[in-house]
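Enquirer: The structure is given below, and queries will be raised subsequently.
Every number in this text was worked out from the coordinates using simple rules, so none of it is lab data. Small disclaimer: the values here were computed from a predicted structure and weren't measured. As a convention, Cβ positions derive from the backbone with ideal geometry for all residues, glycine included, and neighbour counts pool all protein chains shown.
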Amino acid sequence: MEDAAAKRDALIAGIKREAGRRIEQAMPRWMIDREVSGGAAIPQAAKDEAAAIRARSDAIEAMDPLPEDFADDACWS
């Protein structure tokens, strides 16, 4: 039972990392820094894409069983 829980925890951590990677591609840190420093706003399309990635990450994390190929684009579309 512990092994199954540890495996699930590891998969969820991986899913979160993959979501973070995808969000960073959609809305790079420099965009955030630029907006925070008073520069141009983050484009709404980038914000929308990041929100969609977060929602998809939540949905993937709720799957049972969790997909082991969570980095595959098919999981995120």
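Enquirer: Show the residue pairs meeting these rules: Cβ distance below 8 Å; 6+ apart or different chains; first residue within region 63-77 and under 15 Å from ARG17 (Cα atoms); second residue surrounded by fewer than 10 Cβ atoms within 10 Å (Cβ to Cβ).
Expert: Pairs that qualify, where the first residue is under 15 Å from ARG17 (Cα atoms) and the partner is surrounded by fewer than 10 Cβ atoms within 10 Å (Cβ to Cβ), are CYS75/ASP69.
Enquirer: Show the residue pairs meeting these rules: Cβ distance below 7 Å; 6+ apart or different chains; first residue within region 19-40 and more than 30 Å from ASP69 (Cα to Cα); second residue of a type outside the set (Val, Ile, Thr) and assigned to a loop (DSSP other than H, G, I, E, B).
Expert: So the pair list comes out as ARG34/ALA40; GLU35/ALA41.
Enquirer: Please find, within region 42-54, the residue that is farthest from the chain's Cα centre (by Cα) out of those that are surrounded by 11 or more Cβ atoms within 10 Å (Cβ to Cβ) and among the small types (Gly, Ala, Ser).
Expert: Once the filter is applied, the top-ranked residue is ALA46.
Enquirer: So, in region 1-46, exactly how many residues are part of a helix (DSSP H, G or I), touching a helix residue (DSSP H, G or I) at 6+ places or on another chain (Cβ under 6 Å) and farther than 18 Å from SER57 by Cβ?
Expert: Summing the residues that are part of a helix (DSSP H, G or I), touching a helix residue (DSSP H, G or I) at 6+ places or on another chain (Cβ under 6 Å) and farther than 18 Å from SER57 by Cβ in region 1-46 gives 0.
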